[in-house]
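First comes the structure, then the notes that go with it.
The values are calculated or read from the model by the stated rules, or taken from the named source; none is laboratory data. Since the model is a prediction, treat every value here as computed from it, not as a measurement. Neighbour counts are summed over all protein chains in view; Cβ atoms, including those assigned to glycine, are modelled from backbone coordinates with ideal geometry.
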Amino acid sequence: MKKTIFIFVALLSVLGFNACSEDDDFTFVARPNPEGIAFENTFLETYPLNAANGDNLAERFVWNKTDFGVPSPVKYELQASTTEAFEAEEVVAGDLTVNNYGVTVSYLLKLAGQAGLDNDPDTEAPNTGSLYFRVKAYIGDTGGDTEQLSAVIALPVVLTEASEGGVEMKPQMYLVGDVTAAGWNPNNSNTPLFRDGENDQVFSFTGRFAGTADTEGFKILEVLGEWQPQWGLDGTALSNSDLLGSDPSAFPVNADGYYSLTLNKEDMSYTFDAVDISTAPTYTTIGLIGDATADGWDADQEMTPTTFDPHIWVIEGIELSEGEVKFRADDDWTNSWGASTPLSGQGFNDNDPNIPVAAGTYNVWFNDLDGRYILIPQQ
């Protein structure tokens with residue numbers, strides 16, 4: 001009887017070893033996702049390209065996440081070509097682990113040059129055409145059979161001709177929300193963020209946010225009067241409607257007070273911190289003065305403080321000629337601000353340079369808390 005039990009146990013052990021061996025031989029087979037991969041963002045009808053705006057973000061490509069049914073991580077590669085058939089592809093960015101990537105105006109201009117486009121009205125080369133993009137998903141280092149391509153999309157581009165000139169157009173960002181001066185109205189003289197004078201992808205704002213325990217907070221718009229694209233939060237991370245495919249949540253503000261906001265569109269980061277302005281001066285008047293204004297250096301063009309925040313000043317629809325301007329307080333040179341960067345920048349009330357201006361009509365905003373300014377061309 002004991003011998004029979006021993007043989008039975010030994011048989012079970014052999015079977016168990018074979019089963020484990022068969023488990024160890026199990027392999028995963030990578031297969032393309034039947035749902036495919038595709039771009040999810042909405043593209044513009046045309047993309048105007050001007051070398052003066054080279055650092056501007058022309059488009060952020062967003063695509064759906066995919067998988068190949070295996071535990072290996074999926075990587076993405078954004079590709080470009082001058083032809084729809086992709087006879088010669090160019091890798092814009094590879095080994096991406098996120099499902100989005102932004103390209104600048106400068107990159108599109110470079111690709112347009114490869115496509116035979118230029119902005120010289122004296123040549124036969126056209127200044128309009130299309131550039132082509134697709135995205136590849138893959139696992140491993142080279143892809144091979146474990147890759148999947150999206151459909152090709154065309155970006156119609158227009159290169160601004162050299163003779164057209166005009167005021168340089170740069171990206172803008174505006175506050176909206178129940179803790180801001182405009183409320184939830186997207187076209188209510190919304191306060192702009194102040195674009196950095198050196199980096200067009202960085203925006204700052206120091207000012208009042210009227211938060212309470214019952215308010216929702218604020219979001220950020222790129223175009224006055226239009227809800228898309230809008231910027232906000234995905235959890236605690238900065239995001240926007242293009243990336244999410246839906247509206248982001250608002251930045252919460254739980255107390256009425258002054259805060260400093262900095263937002264970087266390039267690396268998708270932000271800071272938002274309370275600030276103490278108890279020692280900040282309050283000015284009776286702030287004016288714009290200079291040879292670009294109607295009265296030259298003889299008299300100020302008076303700005304108006306907002307009723308929501310006395311430190312934020314604005315003058316709308318002012319016509320400026322080519323020249324220079326500065327901001328000054330109380331019709332006097334004791335406190336004045338300027339900088340060498342046109343359209344936006346920061347003055348420090350320390351023998352600042354004059355601000356260069358191109359002829360045009362502008363909405364001009366100034367913040368006396370940090371000396372930041374922005375001139376927004378009006379078309």
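Checking every residue in segment 281-290 against the condition of being under 20 Å from ASP352 (Cα atoms), in contact with a Gly (Cβ under 9 Å, 6 or more places away or on another chain) and surrounded by 14 or more Cβ atoms within 10 Å (Cβ to Cβ) gives at least one match. Of the numbered criteria (1) crowded, with 17+ Cβ neighbours inside 10 Å; (2) of a type outside the set (S, T, N, Q); (3) under 20 Å from ASP368 (Cβ atoms), the one GLY323 fails is (3). Here are ALA137, ALA80, ALA58: which of them is at pLDDT 95 or above and part of a strand (DSSP E or B)? Result: ALA80 is the single residue among ALA137, ALA80, ALA58 that is at pLDDT 95 or above and part of a strand (DSSP E or B). In this structure, LEU243 does satisfy being touching a strand residue (DSSP E or B) at 6+ places or on another chain (Cβ under 8 Å) and either basic (Lys, Arg) or not in a loop (DSSP other than H, G, I, E, B) (or both). With the condition kept exactly as written, say whether any residue in segment 250-264 is in a loop (DSSP other than H, G, I, E, B), among the polar types (S, T, N, Q) and not assigned by TED's automatic domain parsing to the domain that holds TRP333. So far as segment 250-264 goes, yes, one or more of its residues are in a loop (DSSP other than H, G, I, E, B), among the polar types (S, T, N, Q) and not assigned by TED's automatic domain parsing to the domain that holds TRP333.
Annotation: of all residues in segment 171-214 being of a type in the set (Ser, Thr, Tyr) and closer than 18 Å to GLY257 by Cβ, the one that is nearest to the chain's Cα centre (by Cα) is SER204. Criterion first (farther than 26 Å from VAL364 by Cβ and not in a strand (DSSP E or B)) does ASP273 satisfy it? Criteria not met by ASP273.
Within the set LEU131, LEU108, the sole residue that is in a helix (DSSP H, G or I), within 16 Å of ASN41 (Cβ to Cβ) and assigned by TED's automatic domain parsing to the domain that holds SER150 turns out to be LEU108.
Criterion applied to PRO229, PRO186 was being farther than 29 Å from ALA339 by Cβ and outside the structural domain of VAL105 (by TED's automatic domain parsing), and the one residue passing it is PRO186. For THR191, the criteria (1) surrounded by fewer than 21 Cβ atoms within 10 Å (Cβ to Cβ); (2) at pLDDT 95 or above hold in every case but one, which is (1). For VAL158, the requirement of being assigned to a loop (DSSP other than H, G, I, E, B) and closer than 24 Å to GLY360 by Cα is not met.
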